Structures are given as structure tokens and as C-alpha cells.
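Okay, so here's the structure we're looking at.
Please treat every number below as a calculation from the coordinates, not as lab data. These numbers were taken from a predicted model, which means no experiment stands behind them. A quick note on method: Cβ atoms are made from the backbone with ideal geometry, for glycine too, and the neighbour counts reach across all protein chains shown.
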Amino acid sequence: MGIRRILIANRGEIALRIHRAAHEMGIETVAVHSTADADAMHVRLADHAVCIGPPPAADSYLNVAAIISAAEIAHCDAIHPGYGFLSENAKFAEIVEAHDITWIGPKPEHIVTMGDKVQAKRTAGALGLPLVPGSDGAVSELAEARRIAAEIGYPVIIKAASGGGGRGMKVCVEENSLEALMQQAGSEAKAAFGDATVYIEKYLGNPRHIEFQIFGDGRGNAVHLGERDCSLQRRHQKVLEEAPSPVITEAERARMGEVCARAMADMGYRGAGTIEFLWENGEFYFIEMNTRLQVEHPVTEMITGIDLVREQIRIADGKDLSFSQDDITFTGHAIECRINAEDAFTFAPSPGLVTAYHAAGGMHVRVDSGLYAGYRIPPYYDSMIAKLIVYGRTRERCIMRLRRALEEMVVEGVKTSIPLHQELIRQADVLSGDYSIKWLEEWLQDRE
Ligand code: ADP
């Protein structure tokens, strides 16, 4: 029969992104929104809209009962969760399926496995992915923590099993501070995620963050769509992403991509996913897997020509993958800049009225954003207001075009991170691709 009407359980640019893919497939869309988002672009563009609650996300975009009711009232036959909010909530996925609504996402059991980082690491190891050396599971006793840290060598990083968004991590450089940091990490994890479980990993000194996009049909077939380099980070949050990575050779991409695809095939993974690694001295170390679409997915779309959201919808609808590994080719280079409503250098949030807006355009320039002149950016949600994605036949030409596109972007009334990106892409290390996950914070410090 096929999917005919999708409820988009999200807001902002990703809600628009999903709406676009759906409409191109002839599928109707239903937007849900909080009272703060009544005038948002995703609400304006969707075929139907349902208000699901007051501004706080806990009462609206995370309100499972309200979202399921909206899907029932609007006769939706599928739900796409986007990223963030309920996208990695296995309980929600199960409830959706229990209501005979198609869940556009992975099997709930895989969301559970990968959502617990301790379990995820174990599973990844068993599937043959290389791991960061560390504890084999959760660590609760100080004596055990001491033993493991001594074995792998300091510095170590204490991470929350339920962590996400770069939160709940403590770097420990020597044994004397281990006890205090273990306690701190545990109580912060408890407060943020309701789960005090922590584990220990070797802290890598100067790695890059490299992740592989994968796709599975849920029936034992899987492919990879190459890697993205997301090393430019601030507080473990990605700022700019590119594909391909400037440091990964074609042979490495094929080898590691194959390892990832085989792991996903063995697992019977369904839909889109990302396997994240740290990369140092030519070695990959698995850190986590995200069982959803990622913010930075467009750079992969630019170099492969594949619409990842369309593919997600097809797979959820029970169709086969629309490409084999041999069909996937990588051409050119793409970079994405995350544009936030915040001061470019102090990072202080800057919500409010957008008085003027002009999106960059021209050849190979894509802007994913729900902004318009007269829109009031609400203070309740994530500060990302736009993504600028630029393609070039070579990395150099991509950067030249990005420079031009950033010049063209106009967002007035609020502060944005556009000036940060303009400076970033003029730095010698960024131009040469010679940066690690430490680079951005060090550069910001030197700049002060
Ligand atoms: P989250 O789920 O919170 O995003 P991740 O495990 O994906 O957490 O890690 C986020 C970022 O934290 C990585 O991209 C990297 O910058 C840093 N990080 C995580 N693990 C390590 C490690 N073992 N050594 C050094 N840096 C790390």
C-alpha cells in the first residue's frame, strides 16, 4: 500500500528537510508544533499542522501521548523523528509500531543496544569494529577503575553510558584525581541522563573524529556511503563538517566502509545510521553509533548524489535498498557550516526577531533552514538556525565557493556564527585540512 502521510515529529530545518523529501515522493506531511512554533516554516509548509503543547520540549516535542494522538487524529501512516528529541527513544519507536504506524527509523532493539554506550561498545567489538582501549563494560568500584586506568595508561576519559551531546565526560590525567572525577562523572550523568553508569577509555591525545554513514534494509543487506570528518568541534559539539575527510585515502575508505557495512549486515540493521570513530596515527577506534539521521548528513548527499531521507522512507516502507555498494560513487567535496543564533566568538545565545534574511544561492550551494524575515527565533530550543552546505569538484574549489556563499548570507536582528565560519575557512590549518578535535578550541583560545 505504501506510506501516504508522514507525521514529522520535529521542528526547525530538519522538519523542513523531511517535508521536502516526502513531497518529492508524493507523500503528504503533518507538522506538529509547540505554541512557540505556531509561525515556524515547517508548520507553514506542511499539508496539515497540529499543536501538541506549550513551549518546553518536555511538554511538546517530547510528549509521546500528544504526538501519537496527533498522528491518529491526522490519519498519519508513518512518523519520522528527525534527530534529537525522540529520535533515539526506543520506547517511542515501540509505541509508534504498536499503533500500527510505520516508524521511519531502526528496529527498536538496535536503538536500545546502541543507546547504551557500554552495550554499544561490546556489540561493536563482537561485530569486528576496532575499539578505543578501555574497560570491558561499566565501572563502579574505585579499585577496578584504578586497575584499568593503570593498565591502559593515563590520561583516561570517564564517560557516561547514557551520555550524548558531548556531555558527561571527564578527562583524568593521574591516579590521585581518579576518585573525585569518577564521583563527579557519576553524579553528573545521574542528573543529566537519570543513569549514573560510567565506563573508562583511553583518552586519545590528538585524534580526528571520522564517522561512516551506513544504510541497512533490516534483512541482512547493508552498504556504506563513505565518511565525514567532524573534527572541528567546540565542547565536543560539531561546528563544521566535511566529506570526504582530507586524510582518508580511497583504499582506507573502501576497507573501513566495508568493515562497517558488514557489521551492519550481520546485525540486520535497518535504515540510516552512523558509526563514529576517533582516528589517530592511521588507526580507527569506535566510540559510538547513532541510530538516526545526523545533522551533517547533507555533505554525504552532496558527494554521492543520494537523498538519504528518501532512502529512509523507502526502507521503512519495506522496499529494498535503491543502490548496491557498487552503485555508490564519491565525487568532489562538500562542507557544511552549522549556523547558530549566538555570538560568533563568545557563543552567548542570541534568540529574537530576524529583521532581514537572505540565503546564499548559486551553483552547488544549499541552505537548509526555516528562517525568514520577520521570524522570531524562540529561546527554548537548540540554537542552530541554518546549515550552509557547499559542494566543489575539489576541496579547494569547495572552500572558495564556501567563502563566497558565506559573504552572501544575511541574517539581521540576531547574532550568528557566520563570522566564526568566515574566519575559520581562512586559517592555514583548515585550508590544508590539518586539524584534530583539539584544534578549534586551541585556536579560539589563542585568538582571545
Ligand atoms: P557524545 O555521544 O556525547 O557525542 P562521543 O562518545 O560521541 O559522545 O564523543 C564526543 C566527542 O568527545 C568526540 O568526538 C571526541 O571529540 C571526544 N571524545 C570521546 N571519546 C574520546 C576519547 N577516548 N579520547 C579523546 N576524545 C574523546
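So for region 186-199 (the condition being within 15 Å of the ligand (Cβ to nearest atom), polar (S, T, N, Q) and either buried (at least 22 other Cβ atoms within 10 Å of the Cβ) or not in a strand (DSSP E or B) (or both)), does at least one residue qualify? Yes, some residue in region 186-199 is within 15 Å of the ligand (Cβ to nearest atom), polar (S, T, N, Q) and either buried (at least 22 other Cβ atoms within 10 Å of the Cβ) or not in a strand (DSSP E or B) (or both).
Regarding Gln213, is this residue surrounded by fewer than 19 Cβ atoms within 10 Å (Cβ to Cβ) and out of contact with any Pro (no Cβ under 9 Å at 6 or more places or on another chain)? So Gln213 fails the test.
Restricted to region 389-441, and to residues that are within 16 Å of the ligand (Cβ to nearest atom) and under 21 Å from Ala348 (Cβ atoms), which residue is surrounded by the most Cβ atoms within 10 Å (Cβ to Cβ)? Please lay out each step first, then the result.
Step one: list which residues in region 389-441 are within 16 Å of the ligand (Cβ to nearest atom), which gives 435-441.
Going one step further and asking which of them are under 21 Å from Ala348 (Cβ atoms), we end up with 440-441.
Values: Leu440: 24, Glu441: 14.
Selected residue: Leu440.
Checked against the criterion of being over 24 Å from Phe193 (Cα atoms), outside any loop (DSSP other than H, G, I, E, B), small (Gly, Ala, Ser) and touching a residue at least 60 places away in the same chain (Cβ under 8 Å), the candidates Ala70, Ala31, Ala49 yield just one match: Ala70.
Among the residues of region 112-126, how many are within 12 Å of Glu88 (Cα to Cα) and crowded, with 23+ Cβ neighbours inside 10 Å?
Qualifying residue count for the region: 1.
When restricted to residues that are assigned to a loop (DSSP other than H, G, I, E, B), in contact (Cβ under 8 Å) with a residue 60 or more places away in the chain and under 19 Å from Arg208 (Cα atoms), region 266-320 contains 3. Within region 132-175, being among the hydrophobic types (A, V, I, L, M, F, W, C), farther than 25 Å from Val295 by Cβ and more than 9 Å from the ligand (Cβ to nearest atom) holds for Ala138, Val139, Leu142, Ala143, Ala145, Ile148, Ala149, Ala150, Ile152, Ile158, Cys172, Val173.
With respect to the conditions (1) within 13 Å of the ligand (Cβ to nearest atom); (2) of a type outside the set (S, T, N, Q); (3) surrounded by 20 or more Cβ atoms within 10 Å (Cβ to Cβ), Leu178 lacks only one, and its number is (1). Does Leu278 satisfy the condition of being crowded, with 24+ Cβ neighbours inside 10 Å and of a type outside the set (Ser, Thr, Tyr)? Taking the combined requirement at face value, the residue does not satisfy it.
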